[in-house]
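Quick notes on the structure that follows.
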Amino acid sequence: MTVNPSGWRPEAPTNDIDAAPATFTGNRALMLEEALLFEIGSIDRTGVDLDMHRIPAQAGTQSSAGTGHPPARVNESLLRTAPIGLPGLSEPEAVRHYTRLSRQNYGIDLGFFPLGSCTMKHNPRLNEKMARLPGFADLHPLTPVDGTQGALALIHLVGEWLKTLTGMPAIAMSPKAGAHGELCGLLAIRAAHEAGGDARKTILVPESAHGTNPATAAFAGYAVESIPATAEGRVDLDALKAKLSTDVAGVMITNPNTCGLFERDMIAIADAIHAVGAYLYCDGANFNAIVGSVRPGDLGVDAMHINLHKTFSTPHGGGGPGSGPVVFSAALAPFAPLPFVEQHGEKFVLVEEETAREEHHEKAFGRMAAFHGQMGMFVRAAAYMMSHGADGLRQVSEDAVLSANYILRSLEDLLDAPFAASGPCMHEALFSDDGMAPGFSTLDIAKGLIDEGFHPMTMYFPLVVHGAMLIEPTETESKAALDQFIGALRSVAERAKAGDPVLKAAPIHAPRRRLDETAAARKPVLVYKDKPLAAAAE
């Protein structure tokens, strides 16, 4: 930290917080002890002043004002017969409650977010400004096509960029997330096989793939078989070939994979898959490592989803919003779902109804969503692409890879890096808990990082590494930010290797101490329960 001319600099207090005198409120300055809504409000009051037995005259009828007639009464059958068991709060109470909770949360705007396989990069504010333009933000999905030409042009533009970057001839923009895109790709693969009278039942998934891959395949009704990884963390080509047969519909590969490595045998893998009439699906969640440098279409990929909420910086977390467009090879393009945008001269046409399909779309398997996808995410992605340009996107991937390798090589002397000898990593660095003192594990390191002011890395994934710690820095972190994180992680790891008992109690400085996560997962308490309210809350 830079000191001022007097030599003084602000520092956090070093006294033991537990030794400080208790406060009347339970608060410690800005660390507020926030109560539950049920503890703030009460079921016997409401936050608004309203006569529950009367309502104004219905819209479209003459107002009762000045007529001498009282307001119309609520239909008695609509009145509640028992309390609903919800607390009544005023607007200030509700706003303050959620604002206080938000200050106890961690987000990308507060600091480095090292979650592996998540690409938690900075979300440029320019993108947000563009997405809030009224012509995009206020557009209703049922607006006639003649009134949505600008929006359709933007959707088409994003699709063309994605097709160019992947080297694939067709795209479906409607999938709402990565796993939704996976399902879209598998449904297209199924449609292609069924069109040829070939009902295949098996999907192969390598151990180094994302966990959603086997889950999506099973959801789509396929039997799932696993392909082992080699000692260097890549797909075992010989094991894959041994399992290929005319019953295999496709293979789902994550590339770069969850070990942070590029699958160097992709072309040989694709050739082997195509030789038995199967298709190659690529999980594109880690596309940020290769965008502008590698075109998956050149590697033999038949379908791949692209996470706009990762590679192209649209915000994500907390359940959404996401966007997972899927690109298709020429072999699968005829089976791509509706709707999609076509350009006819200067006009953009939305092909969305089965009855309106032209002859070259008659094989589309159906649709993935009611409408056209996440419009706000398309706008943000377009702003990101256009502000970077083709050369800028390539630099994005190169800087992301550089950052990940910097973390890998800065920590491999202290933390076990099982694939450090497999060559440069791509977007993320992978470590294990091997070498920790007895009784210490990845969980202790993660909790210690919370005390250091960082969100923990991805833990215990991928499963091919015991006690995995997966770190993805992205390209938007400065060297200073990476150095600070590396220093913090080294400090915590040294304590874990030395068997520091205080680390077992971490986090100590967070709003809550370490919780019993096993009990929370097995016996979650998801609703507020109080004996007098139990019946009313049903």
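The values are calculated or read from the model by the stated rules, or taken from the named source; none is laboratory data. All figures in this text were calculated on a predicted structure; none of them were measured in a lab. Cβ: placed from backbone, ideal geometry, glycine included. Neighbour counts: every protein chain shown. The accessibility values were calculated without ligands, DNA or RNA, using every heavy atom of the protein model including side chains. Shrake-Rupley method; radii C 1.70, N 1.55, O 1.52, S 1.80 Å.
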(message) Which numbered condition in (1) over 25 Å from Ser397 (Cα atoms); (2) buried (at least 21 other Cβ atoms within 10 Å of the Cβ) is the only one that Pro438 fails?
(response) (2)
(request) Look at Phe287 and say whether it is aromatic (Phe, Trp, Tyr), open to solvent by 10 Å² or more (accessible area, probe 1.4 Å) and within 23 Å of Glu428 (Cα to Cα). (result) no
(message) For the condition of a type in the set (Gly, Ala, Ser), under 21 Å from Val401 (Cα atoms), in a loop (DSSP other than H, G, I, E, B) and under 19 Å from the mean Cα position of the chain (by Cα), what is the one hit in Gly260, Gly292, Gly233?
(response) Gly260
(message) Can you go through Phe371, Phe378 and tell me which one is of a type in the set (Phe, Trp, Tyr) and open to solvent by 30 Å² or more (accessible area, probe 1.4 Å)?
(response) Phe371
(request) Could you tell me which of the residues Gly322, Gly317, Gly297 is open to solvent by 20 Å² or more (accessible area, probe 1.4 Å) and modelled with pLDDT under 95? (result) Gly317
(request) Out of Glu428, Glu398, Glu412, report the one residue that is open to solvent by less than 10 Å² (accessible area, probe 1.4 Å) and among the acidic types (Asp, Glu). (result) Glu428
(message) Of the conditions (1) at pLDDT 95 or above; (2) under 29 Å from Ala239 (Cβ atoms); (3) not acidic (Asp, Glu), Ala285 satisfies every one except a single condition; which number is it?
(response) (1)
(request) Considering only residues that are acidic (Asp, Glu) and farther than 30 Å from Gly41 by Cα, look in region 80-135 and name the one that is modelled with the lowest pLDDT. (result) Asp109
(request) Go through Ala496, Ala480, Ala446, Ala421 for me and flag whichever is within 13 Å of Pro114 (Cβ to Cβ) and not polar (S, T, N, Q). (result) Ala446
(message) Quick check on region 504-521. Is at least one of its residues in contact with a Ser or Thr (Cβ under 9 Å, 6 or more places away or on another chain), surrounded by 15 or more Cβ atoms within 10 Å (Cβ to Cβ) and closer than 24 Å to Leu411 by Cβ?
(response) no
(message) Quick check on Asp483: is it at pLDDT 95 or above and open to solvent by 40 Å² or more (accessible area, probe 1.4 Å)?
(response) yes
(request) Could you grab me the full set of residues in region 511-532 that are over 24 Å from Ala437 (Cα atoms) and touching a helix residue (DSSP H, G or I) at 6+ places or on another chain (Cβ under 9 Å)? (result) Tyr528, Asp530
(message) Anything in region 420-462 that is assigned to a loop (DSSP other than H, G, I, E, B) and touching an Asp or Glu at 6+ places or on another chain (Cβ under 7 Å)? List them, or say none.
(response) His427, Glu428, Asp434, Gly435, Ser441
(request) Quick one: Lys310 ticks every box in (1) more than 19 Å from Ile253 (Cα to Cα); (2) out of contact with any strand residue (DSSP E or B) (no Cβ under 7 Å at 6 or more places or on another chain); (3) not aromatic (Phe, Trp, Tyr) except a single one, so which number is it? (result) (1)
(request) Give region 295-320 a look and list any residue that's assigned to a loop (DSSP other than H, G, I, E, B) and among the hydrophobic types (A, V, I, L, M, F, W, C), or say none. (result) Val301, Leu308, Phe312
(message) Within region 94-206, considering only helices (runs of 4 or more DSSP H) that don't extend past its boundaries, which have at least 3 residues that are open to solvent by less than 40 Å² (accessible area, probe 1.4 Å)?
(response) 125-131, 149-166, 178-195
(request) Quickly run through region 246-257 and pick out the residues that are within 19 Å of Ala400 (Cβ to Cβ) and part of a loop (DSSP other than H, G, I, E, B). (result) Asn255, Pro256, Asn257
